[in-house]
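The structure under discussion appears below in the form of structure tokens.
The values are calculated or read from the model by the stated rules, or taken from the named source; none is laboratory data. Just so it is clear, the structure is predicted and the values come from calculations on it, not from any experiment. Heads up, the Cβs are rebuilt from the backbone with ideal geometry, glycines too, and the neighbour counts pull from every protein chain shown. The protein model used for the area step is the full one, side chains on, heavy atoms only, and it has no ligands, DNA or RNA in it. Shrake-Rupley method; radii C 1.70, N 1.55, O 1.52, S 1.80 Å.
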Amino acid sequence: DDTFEPDWLIQTGMGRGPMLRDMDTSFIANPAFEEFSDQVATKLGIPHTRSVRTGGGVNGAAITYYNGVPTIVIGIPVRYEHTEYNWIKLSDLEDSVKLAVGIIEELNKEILESF
């Protein structure tokens, strides 16, 4: 989404932190896991966005649908995604790693069973 669209239309822009993908044409995130991840990001002060796509797909779909494992997707905002020269903002990458680590650290058996 990091294009020349108006700000209100950009769901995943560089400098806005990691993106939690709610759904796309191949994937619907586990709602409880998605909300948990959103809360972890907020608790840790990590800027983040949520997105709903009308196109595209992610590898997380196979994990969810074929293995039944609760799945979320943490996306790193990128410009020029389908070219040989991609651009990201370092802070978005760092925040994506912090979010993934934060989620893992917050998980326990009770939380996992709630998904």
Candidates 63, 72, filtered to the one that is free of Cβ contacts under 8 Å to residues at least 12 places away in the same chain, β-branched (Val, Ile, Thr) and open to solvent by 20 Å² or more (accessible area, probe 1.4 Å): 63
Any hit, the range 12-23, residues being among the polar types (S, T, N, Q), exposed (fewer than 13 other Cβ atoms within 10 Å of the Cβ) and either touching a residue at least 60 places away in the same chain (Cβ under 8 Å) or more than 26 Å from residue 87 (Cα to Cα) (or both): no
Exclusive hit being touching a Ser or Thr at 6+ places or on another chain (Cβ under 6 Å) and surrounded by 14 or more Cβ atoms within 10 Å (Cβ to Cβ), set 28, 103: 103
Wholly enclosed helices (runs of 4 or more DSSP H) of the range 53-115 bearing at least 2 residues within 19 Å of residue 42 (Cα to Cα) and of a type in the set (Asp, Glu): 90-106
